[in-house]
Amino acid sequence: MVGQSPIRLVSSPLRSNGEGDREAVEGLLTSAGSVSRARVQRRALTPPEVRLWVRLRRRALAGLKFRQHPVGPYVLDFYCAEAKLAVEVDGESHSHPTPVAHDRRRTEWLKRQGLAVIPAEKVRINLDEVLTSIRAAAEPRLG
């Protein structure tokens, strides 16, 4: 693949062990490019992502820990490792055909990896409903 980083396993979602060793992050391949994108995206949240993050950070939702997380070729908006749950905040730009197809491929790939994926497109309209959906999806996946 021209112009893309080779896929490698890293010891944490944001850095390798520095010696090039290959270690699993929850058993999922993570490309070096997605790790770099995660660093940038953490600092550039969209307004709906900020709104949701304020309600998810510091284990504010049912004690669940969420963070941005690279998984394979994707950077998840919010990920809860305990529940293997991805929350994707898809804004207006995702209503066009190209992003919709990308979102569908991403969701199918993540599900094949054993992750549940919750779309959170109603963050601007009804944040409480989104939080209820996230909690309902996470609870049966715990423990």
Simple SL model, points at 7 angstrom along Cα→Cβ for A136 and K84; separation in nm is 2.2 nm
Along region 71-87, Karplus-curve 3J(HN,Hα) (6.51, -1.76, 1.60; θ = phi - 60°) to the nearest Hz, with x for Gly and Pro, reads 9, x, x, 10, 10, 7, 4, 9, 9, 10, 5, 4, 9, 6, 10, 10, 10
Taking placed amide H atoms and a strict 5 Å upper bound, the residues 5 or more places from I118 or on another chain that come that close are A86, V87, E88
Residues other than R106 with Cβ under 13 Å of its Cβ, Lys/Arg counted +1 and Asp/Glu -1, net out at -1
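Within a Cβ distance under 12 Å of I118, other residues only, what is the Lys/Arg minus Asp/Glu net charge?
Values: positive: K84, K111, K122, R135, R141; negative: D77, E88, D90, E121, E129.
Cβ neighbours under 12 Å give a net charge of 0.
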Within the under-13-Å Cβ sphere about D128, not counting D128, Lys/Arg +1 and Asp/Glu -1 give a net charge of +4
Listed by chain and number, the residues whose amide H is under 5 Å from that of Q113, excluding neighbours fewer than 5 places away on the same chain and using placed H, are none
If amide H atoms are modeled at 1.01 Å from N in the peptide plane, then the residues at a separation of 5 or more from E82, or on another chain, having amide H under 5 Å from its own are K65
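Read the figures in this text as sums done on the coordinates, not as results from a lab. Only a predicted model underlies this, so the values are computations on that prediction, with no experimental measurement involved. Glycine gets a Cβ as well: all are built from the backbone with ideal geometry, and neighbour counts include every protein chain shown.
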